[in-house]
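Engineer: Pasting a structure here, questions to come.
What follows draws every value from the coordinates through simple rules; no lab data is involved. A quick note: this is a predicted structure, and the numbers were derived from the prediction, not measured. Cβ placement follows ideal geometry from the backbone for every residue including glycine, while neighbour counts extend to all protein chains displayed.
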Amino acid sequence: MTELLVGTKKGLFVLEGDPSTGESFAIVTRAFAGDVVEYAIRDRRTGRYFAGVTSGFYGPRVLFTDDPAGEWQQAEGPAFPEGSETSLERIWRIEPGVADGVLYAGVAPAALFTSTDNGEHWELNEPLWKERLAGEWNPGAGGLALHSICTWPGKPDTLAVGVSAAGVWITEDGGQTWRTGYTGLVPEYMPEEQREGTNALCVHNMHRAPLRPERLFMQFHGNVYRSDDEGGSWTSIREGLPSGFGFPLVIDPADPDCAYVVPLVADVDRVTPEGKLRVHRTRDAGVTWTPLGDGLPSDEAYLTVLRQAFGSTGEGATQELYVGATSGDVWGSGDAGGHWFAAHERLAPVTSVRVA
Amino acid sequence: MAVVTLRAPLRDRAGGEANHDLPGATVGEVLRELERRHPKVTGWILDEQGRVRPHVNVFVNGERTREDGAVGEADVLQVLPSISGGYA
């Protein structure tokens with residue numbers, strides 16, 4: 001059985017089902033009714049569940065539990081230091097680290113928080129925050145967001161984070177110092193004469209290939225890129241896709257040449273092209289792409305899939321994939337996208353999908 | 001002492017009590033004292049900078065005010081969700 005954590009505009013839905021049957025998943029529980037659950041994840045090292053939740057009245061917070069149907073406990077933080085004049089707006093991502101007990105949280109306004117006690121207390125990464133204060137970091141349409149956090153297996157001090165719209169930031173000393181990596185990224189939304197050297201880079205999503213960790217895949221604002229040098233430089237791999245625009249990205253942890261994206265028409269029309277939902281997969285590091293759509297909506301389906309609304313578990317030919325749309329529908333595949341089924345329909349607009 | 005009145009879900013986070021007698025010369029001070037006595041309220045009414053959240057309204061004796069509003073002995077503070085909050 002697979003347990004799915006679906007964050008929505010109206011709470012967290014925990015679904016359970018068997019993707020090999022092709023039947024809809026059942027709702028096990030719904031938590032945080034009425035609040036936006038921007039992200040939910042289970043730390044597989046400890047079994048602890050985390051949710052980034054924003055009340056329309058009472059603000060954002062991280063909560064955790066060992067039983068999503070039971071009581072959730074509010075973490076201490078993330079919160080900006082008193083006197084900083086900055087308040088937390090949203091939790092974009094919660095990512096288990098490499099070292100025991102370590103987790104990271106990416107938030108808006110763009111900042112990284114670290115926990116060293118399994119998510120109970122969170123501290124601001126001050127050096128990256130100082131970079132943000134010193135630089136001109138501009139927000140994308142979703143705000144100024146640190147939404148991608150790429151750990152390096154076996155190297156707990158190495159981290160790459162993606163910021164919309166302030167590019168890629170890399171640390172190799174546990175977050176004490178940071179450098180940018182943007183050679184090759186082309187911000188086509190900027191005037192040509194202002195593109196060179198700008199950090200107004202709208203990263204939409206970024207993932208590291210764990211078996212070849214110097215490789216990163218990136219969904220950018222209008223392009224898809226690959227880096228083979230730890231994020232220092234980037235090569236466009238959009239050729240063969242119907243569009244370079246999109247938000248989510250998934251990799252196959254067993255295949256460093258494999259990535260999945262969900263293209264949308266363009267930044268001015270953020271829906272699936274030609275009224276068809278298609279997941280596109282590369283198995284040759286972006287040289288070619290294959291559309292996957294057997295079982296996905298293919299007729300008059302003008303859908304939007306948000307940044308964190310694409311999750312997976314497993315690897316290779318049996319990798320499970322789950323994609324959710326703002327229509328409230330979630331589709332799943334138990335065979336790496338070969339066939340799809342409706343995992344659940346008519347939930348609230350989906351903001352994130354992760355396998356527990 | 002001022003009296004702070006809360007509704008759900010804030011009431012539930014403040015020990016289940018709707019009314020709280022609390023000291024303080026400003027709305028911010030009174031609400032910080034509420035957080036000190038009931039840590040589960042921390043961050044819900046005031047953000048980490050001590051500002052009343054934008055979609056929460058605080059009324060002192062029926063007059064809407066913010067964190068720097070003056071509070072006197074026996075004043076009544078009502079904390080209510082704003083109609084501008086929530087999501088469609």
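Engineer: Given contacts defined as C-alpha pairs under 8 Å and at least six residues apart, what's the relative contact order of the stretch B:2-81, whole-number percent?
Structural biologist: Details: 140 pairs, mean separation 29.2, N = 80.
It comes to 36 percent, rounded to a whole number.
Engineer: Which one, A:264, A:129, A:336, is farthest towards the positive end of the dipole of chain A when Lys and Arg carry +1 and Asp and Glu -1 on their Cβ?
Structural biologist: The residue sitting most towards the positive pole is A:264.
Engineer: Work from the charge dipole of chain A (Cβ charges, +1 for Lys and Arg, -1 for Asp and Glu, about the Cα centre) and give the residue of A:108, A:11, A:313 farthest towards its positive end.
Structural biologist: Toward the positive end, the furthest listed residue is A:11.
Engineer: While we're here: Loop sites only, by DSSP: take the trypsin sites (Lys or Arg not before Pro) in chain A that have at most 14 other C-beta atoms within 10 Å and name the longest stretch containing none of them. Walk me through the intermediate numbers first.
Structural biologist: Values: sites that count: A:44, A:45, A:346.
Here the longest segment lacking exposed loop sites spans A:46-345.
Engineer: Counting each DSSP H run of 4 or more residues in chain A as -39500 (n - 2.57), what helix-only mean residue ellipticity at 222 nm follows after dividing by all residues, to the nearest 500 deg cm²/dmol? Spell out each step's value before the answer.
Structural biologist: Details: 1 runs with 9 residues, N = 356.
Rounded to the nearest 500, the figure is -500 deg cm²/dmol.
Engineer: Count, for each residue of A:84-90, the Cβ atoms from other chains sitting within 10 Å of its Cβ, then give me the mean as a whole number. Walk me through the numbers on the way to the answer.
Structural biologist: Details: counts 2, 2, 3, 9, 4, 1, 0.
Mean inter-chain Cβ contacts per residue within 10 Å come to 3.
Engineer: Amide H neighbours of residue A:303 under 5 Å, at least 5 residues apart or on other chains, H built in the peptide plane: list them.
Structural biologist: A:272
Engineer: Same structure, new question: Dipole of the stretch A:206-329, Cα-centred, from +1 at each Lys and Arg C-beta and -1 at each Asp and Glu C-beta, to the nearest 20 debye?
Structural biologist: Working: 11 positive and 18 negative charges, 36 e Å.
My answer is approximately 180 debye.
Engineer: How large is the dipole of the stretch A:41-134 about the Cα centre if only Lys and Arg carry +1 and Asp and Glu carry -1, each at its Cβ, rounded to the nearest 20 debye?
Structural biologist: On the way: 9 positive and 15 negative charges, 77 e Å.
That gives the stretch A:41-134 a dipole magnitude of about 380 debye.
Engineer: Which whole number gives the average, over all residues in B:41-49, of C-beta atoms from other chains lying within 10 Å of the residue C-beta? Intermediate values should be presented prior to the final figure.
Structural biologist: Details: counts 1, 4, 10, 6, 3, 2, 9, 12, 10.
Whole-number average of other-chain Cβ neighbours for B:41-49 is 6.
Engineer: Further, regarding this structure: Taking R0 as 30 Å, what's the FRET efficiency between residue A:287 and residue A:190 from their Cβ-Cβ distance, rounded to 0.05? Mind showing how you got there, number by number?
Structural biologist: Values: r = 28 Å, r/R0 = 0.92.
FRET efficiency, residue A:287 to residue A:190: 0.60.
Engineer: Can you run phi through the Karplus equation (6.51, -1.76, 1.60; θ = phi - 60°) for the stretch A:150-157 and list ³J(HN,Hα) in whole Hz, with x for Gly and Pro?
Structural biologist: For the stretch A:150-157, the Karplus curve yields 10, 7, 10, x, x, 10, x, 8 Hz.
Engineer: To continue, here is another question. State the Cα centre-to-centre distance between the stretch A:138-200 and the stretch A:283-302 in whole Å.
Structural biologist: 28 Å
Engineer: Whole-Hz Karplus ³J(HN,Hα) for the stretch A:262-271, in order, using 6.51 cos²θ - 1.76 cosθ + 1.60 and θ = phi - 60°, x for Gly and Pro?
Structural biologist: Listing the rounded values in order: 10, x, 10, 4, 5, 5, 8, 7, 8, 10 Hz.
Engineer: What are the ³J(HN,Hα) couplings of the stretch B:52-58, residue after residue, when phi is run through the Karplus curve with 6.51, -1.76, 1.60 and θ = phi - 60°? Round to Hz, x for glycine and proline.
Structural biologist: For the stretch B:52-58, the Karplus-derived couplings read 5, 4, x, 10, 10, 10, 10 Hz, x marking Gly and Pro.
Engineer: Under a Cβ-only charge scheme (Lys and Arg +1, Asp and Glu -1), can you give me the dipole magnitude of chain A about the Cα centre, in debye to the nearest 20? Don't skip to the answer; put the middle values down first.
Structural biologist: Details: 28 positive and 49 negative charges, 67 e Å.
Roughly 320 debye for chain A.
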